[in-house]
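Working notes, structure below.
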Amino acid sequence: AQTVTQSQPEMSVQEAETVTLSCTYDTSESNYYLFWYKQPPSRQMILVIRQEAYKQQNATENRFSVNFQKAAKSFSLKISDSQLGDTAMYFCAFTLQGAQKLVFGQGTRLTINP
Amino acid sequence: DAGITQSPRHKVTETGTPVTLRCHQTENHRYMYWYRQDPGHGLRLIHYSYGVKDTDKGEVSDGYSVSRSKTEDFLLTLESATSSQTSVYFCAIKTGTANTEAFFGQGTRLTVV
């Protein structure tokens, strides 16, 4: 069974700093997708970024980028120039190609301080 | 916005009563999901549907049933609510170029007292 682990329950940084959230996963498959979701206090789940396992290039979306290390089964999220609006729960998620189920990590609560 | 609406947004109910949560989508997506969110557990899959009247269990399906009689509606029913079912419930659909990305409704906070 696939598992996703986020080892940092909480993190806190100052505005404008760079922060990295960690995620590791376990699978024996080679074709899969990884995601980071953001959940602000509004409770809405927002897709931040996705990575296809077959792509070696790390995905980027504006200030958000990932460090995808397939051999190490690691998928970290880097937020550059952090903003107050980045304060949220962040969830790492995994799905196999063709599968129905998204497997989520436990989440990391990120606070950006002014 | 993938056109997903959950109702109700909040509900308080008593132990032993039946409860039905509704998920409505407007974009004719085939795959729909119900997750529950609890502290320390992330989101866990309850049930999912891959078409009208086609459903399957997730990892935490005990105590829950679902129905999908129309493409646009996916109902989650707690036949006899228990305090352990107090949670935030999310409906999701799958979309994207490879049908891999999930988009979520706003969530329903359910409290069983």
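The values are calculated or read from the model by the stated rules, or taken from the named source; none is laboratory data. What you see is a predicted model; the values in this text were computed from it and never measured. Here Cβ is always computed from backbone atoms with ideal geometry, including for glycine, and neighbour counts include all displayed protein chains. Keep in mind that these areas ignore ligands, DNA and RNA; they rest on the heavy atoms of the full protein, side chains included. Shrake-Rupley method; radii C 1.70, N 1.55, O 1.52, S 1.80 Å.
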(Q) Can you find a residue that is over 30 Å from A:Glu52 (Cα atoms), at pLDDT 95 or above and charged (D, E, K, R) anywhere in segment B:38-54? (A) no
Q.
I'm trying to understand the selection: among the residues of segment B:57-91, which are in contact (Cβ under 8 Å) with a residue 40 or more places away in the chain and assigned to a strand (DSSP E or B)?
A. B:Asp73, B:Phe74, B:Leu75, B:Leu76, B:Thr77, B:Leu78, B:Ser87, B:Val88, B:Tyr89, B:Phe90, B:Cys91
(Q) Looking at A:Asn31, A:Asn62, A:Asn58, can you tell me which residue is open to solvent by 50 Å² or more (accessible area, probe 1.4 Å) and either within 29 Å of B:Trp34 (Cβ to Cβ) or among the hydrophobic types (A, V, I, L, M, F, W, C) (or both)? (A) A:Asn31
Q: Select from segment A:7-23 the residues that are within 11 Å of A:Leu77 (Cα to Cα) and either in contact with a helix residue (DSSP H, G or I) (Cβ under 6 Å, 6 or more places away or on another chain) or not in a loop (DSSP other than H, G, I, E, B) (or both) and write down the one among them that is most open to solvent (accessible area, probe 1.4 Å).
A: A:Thr20
Q) Restricting attention to segment A:54-94, which residues are closer than 15 Å to A:Asn113 by Cα and more than 14 Å from every other protein chain (Cβ to nearest Cβ)? A) A:Ile79, A:Ser80, A:Asp81, A:Ser82, A:Gln83, A:Leu84, A:Gly85, A:Asp86, A:Thr87
**Q.** Cross-chain or 6+ apart pairs with Cβ under 7 Å, segment B:19-37 first and at negative phi, then open to solvent by 30 Å² or more (accessible area, probe 1.4 Å) and aromatic (Phe, Trp, Tyr)
**A.** B:Arg30/B:Tyr50; B:Tyr31/B:Tyr48; B:Tyr31/B:Tyr50; B:Met32/B:Tyr48; B:Tyr33/B:Tyr48
Q: Go through (1) part of a loop (DSSP other than H, G, I, E, B); (2) within 14 Å of A:Lys101 (Cα to Cα) and name the single condition B:Lys94 misses.
A: (1)
Q: Considering each residue of segment A:77-94, count those that are of a type outside the set (Lys, Arg) and open to solvent by 20 Å² or more (accessible area, probe 1.4 Å), and give that number.
A: 7
Q. Do we have any residue at all in segment B:65-74 that's buried (at least 19 other Cβ atoms within 10 Å of the Cβ), at negative phi and out of contact with any Cys (no Cβ under 7 Å at 6 or more places or on another chain)?
A. yes
Q. Among A:Glu17, A:Glu29, which is at pLDDT below 95, among the charged types (D, E, K, R) and more than 12 Å from the chain's Cα centre (by Cα)?
A. A:Glu29
Q: Look at A:Val4 and say whether it is aliphatic (A, V, I, L, M) and either facing chain B (nearest Cβ under 10 Å) or open to solvent by 60 Å² or more (accessible area, probe 1.4 Å) (or both).
A: yes
Q | Considering residues of segment B:93-113 that are more than 8 Å from chain A (Cβ to nearest Cβ) and of a type in the set (A, V, I, L, M) only, the residue most open to solvent (accessible area, probe 1.4 Å) | A | B:Val113
Q | Residues being in a loop (DSSP other than H, G, I, E, B) and away from chain A (no Cβ under 11 Å) - total across segment B:38-56 | A | 2
(Q) Can you report the number of residues in segment B:2-23 which are more than 25 Å from A:Gly107 (Cα to Cα), open to solvent by 50 Å² or more (accessible area, probe 1.4 Å) and part of a strand (DSSP E or B)? (A) 3
Q) Residues B:Thr55, B:Thr26, B:Thr82, B:Thr86: which one is open to solvent by 50 Å² or more (accessible area, probe 1.4 Å) and more than 27 Å from A:Ala1 (Cβ to Cβ)? A) B:Thr26
